[in-house]
Amino acid sequence: MATLSAIQRVVEAYLISVAPSTPAFGFLTLVPWSSQEKPANVLSSEAGCGELRLEGIAQIVEQHEVVLIVSVYKTKKEKRRVVCLLDYLGAAHPDAVVFLVQLPDRLDTELTKAYHSELLVRHDELYSLGADGVLMELAGNPGRLQHRVSLELQENAAIQLRVRAHTSTLNQGVPSGMQLQDIEDKFSSLLWNAIPDMLMPDFAPLNERLLECGNRVGEFQLVRPYPDHQHVSLAVNGQHENVVIKVYDKRSITDANRVESIYQEFCFLTHTLDHPHIIHCVGMLHSQCSVHLVLQYGGDVCMEQVLSTQPGYRLSRDDALDCRTQIASALSYCHAQDVVHGQVSLNHVAVETALNRHICRLVDFSMAAHVPFSITRETLCGSLPCVAPEAALNEPYLPKPADCWSFGVLLLETACGQGSLKLSVQWRRGESLAYAAWQVLQFFSHAGCHTEAMTKMGNSLDGVTLACLEAVLQPEPARRTSASDMVGMLSTRRNEQASLE
């Protein structure tokens, strides 16, 4: 168990880093404060008794919009004291908005997979204590804290709106069409106006006059939808230049996290990422019914469609080396910005043919995330065959190695034949994703597996491709080569090849 002094260091370091920059928030901690100066919006327990002064609590509640109770929440005694504090706040200050903020035990603790799982178990328990929200904080970032609290508040408002609507239905019978429309309008305004106004400064404001009918959106003429991507269309702008329009139907989106993911994709492709092999976003349109992302034209087909037309369902050796070098470069660039794609796959590589060369661009950042350091994710991203097995097993995973695994499968399919992984592992239709992932792990755990996968569709052995597959298709994420090292491997091979020509 961590000592009191260690917990003090964690709590104080966090509060000193965030409290002065978030004056709208009041912070309570049941951990005694040391001799160093305490931020004005922080109330700590009295040394010796471990209790908070009631007049101090009243002052924090009255002077701040949100109250955050900061602790490690590891011991039963600590949780009991927090429950008592929440009960008191509920009785004495029923209108107070209270969040629990969970910190790790020690500042120097390595965030291993096992330790993160332990934190998540503890985190899940906190939801039963009765606070308005629960946040896990692994770093003291004031901007991120403000963002998360604001998002939680908007989510809570949306939930309350739904509850009131449901209660009204129970008490008054089936609401009229006008009442239902009023509820829907309020919820839509909250989701698409209030949340973006507060948290997303670059989100396109609602344009009630935006022309959106037939095969037109604003100035853009829609040409045709992309096969297997009915919400993505080829279009031309007013200068008769090709663009791609990606549309999100607002009626099918019912939570703030989904709105945030659209905004995050827009920001990644507009501001954060600037690479020749990553698609670029040139604008956003916001109508009554839809949000449209206007994207750079990246070609008429994806890599999956290209392979379906090739002999042996694979690229030539030179083309495969060229294409995977382009995608490895894009992925390495993303990871250098601490951005993970989340669903690298054949159908998320757009292909444009120019001068007898395939120009590849990484597309669809709808599941991308900013993930610094060794922070894990739990969100299931991607699908077979490219999804990393640890991501499919419904447990916390490191997203950068997961991206590298997906790139390895893309490499296998482009160089050795589309369908190579499925033929090698032989999972059956209808099996659960988790069981298929377990089969994939079993296959890549035996000697000679990479050679077997590479030659499954009659492809001849190639030392460079084999070395790349062995570097990234490793069951243990820690053993996988990084995207930047993969770029180095592929560049060396291209240079050697060029010198021989």
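The values are calculated or read from the model by the stated rules, or taken from the named source; none is laboratory data. Here the structure is a predicted model, which is why all the values come from computation and not from measurement. Every residue, glycine among them, receives a Cβ derived from its backbone with ideal geometry; neighbour counts consider all protein chains shown. To get the accessible areas, we keep the full protein, side chains included, count just its heavy atoms, and leave off ligands, DNA and RNA. Shrake-Rupley method; radii C 1.70, N 1.55, O 1.52, S 1.80 Å.
Key figures
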item: MRE, 222 nm, helices only [DSSP H, n ≥ 4, -39500 (n - 2.57), over the chain, to nearest 500]; result: -13500 deg cm²/dmol
item: Length released on extending from residue 431 to residue 187, taking residue separation times 0.36 nm less the Cα-Cα span; result: 84.0 nm
item: Under Karplus coefficients 6.51, -1.76 and 1.60, residue-wise ³J(HN,Hα) of region 93-103 in Hz, glycine/proline x; result: 9, x, 8, 5, 9, 10, 10, 9, 10, 9, 10
item: Those aspartates and glutamates that a straight Cα-Cα span of less than 18 Å connects to residue 456, excepting residues fewer than 8 apart in one chain; result: 413, 470
item: Inter-probe distance in nm under a simple model that places probes 7 Å from Cα toward Cβ, at residue 467 and residue 258; result: 4.7 nm
item: Acute angle (nearest 10 degrees) that the helix 54-63 long axis makes with the longest principal axis of the chain, alpha-carbon atoms; result: 50 degrees
item: Karplus 3J(HN,Hα) series, Hz, for region 370-385 with 6.51 cos²θ - 1.76 cosθ + 1.60 (x for Gly, Pro); result: 8, 10, x, 6, 10, 5, 9, 10, 10, 5, 6, 10, x, 8, 5, x
item: Alpha carbon centroid spacing (whole Å) that separates region 61-134 from region 214-228; result: 49 Å
item: For residue 66, distant residues with modelled amide H under 5 Å away; result: 26
item: Theoretical FRET efficiency, 1/(1+(r/R0)^6), r = Cβ-Cβ of residue 13 and residue 223, R0 45 Å, to 0.05; result: 0.20
item: Loop GluC sites (Glu not before Pro), region 354-416 (other Cβ atoms within 10 Å of the site Cβ: 15 or fewer; DSSP); result: 378
item: Given 79/400; 74/250; 38/77; 38/76, the pairs whose alpha carbons are separated by over 30 Å; result: 79/400; 74/250
item: Efficiency of FRET between residue 78 and residue 212 - r from beta-carbon atoms, R0 45 angstrom, step 0.05; result: 0.25
item: Of all accessible heavy-atom area on region 452-496, the percent that carbon and sulfur account for (1.4 Å); result: 46 percent
item: With all protein chains modelled, accessible area of residue 202 [1.4 Å, Å²]; result: 80 Å²
item: DSSP-loop chymotrypsin sites (Phe, Trp or Tyr not before Pro) across region 369-426, with at most 16 other Cβ within 10 angstrom; result: 373
item: Nitroxide proxy distance, nm - points 7 Å out along Cα→Cβ at residue 271 and residue 120; result: 3.0 nm
item: Read-out Rg/Rh (Cα atoms, Kirkwood Rh), derived from the coordinates shown; its label in (1) 1.02; (2) 0.97; (3) 1.09; result: (1)
item: Two-site label geometry, residue 139 and residue 423: point separation in nm, points 7 Å out along Cα→Cβ; result: 4.4 nm
item: Accessible heavy-atom area order of 451, 353, 376, highest first, probe of 1.4 Å; result: 353, 451, 376
item: Cα-centre dipole for the chain with unit charges at Cβ (Lys and Arg positive, Asp and Glu negative), debye to 20; result: 740 debye
item: Three-way shape label, region 345-431, alpha-carbon gyration tensor, a/c 1.5; result: oblate
item: Whole-angstrom gap from region 250-309 to region 377-430, using each part's C-alpha centre; result: 22 Å
item: Region 229-355, relative contact order in percent, only Cα pairs under 8 angstrom and at least six apart counted; result: 24 percent
item: Antiparallel bridge percentage (DSSP; both residues within the chain; nearest 5); result: 70 percent
item: C-alpha long axis of helix 76-92 to longest principal axis of the chain, angle in °; result: 60 degrees
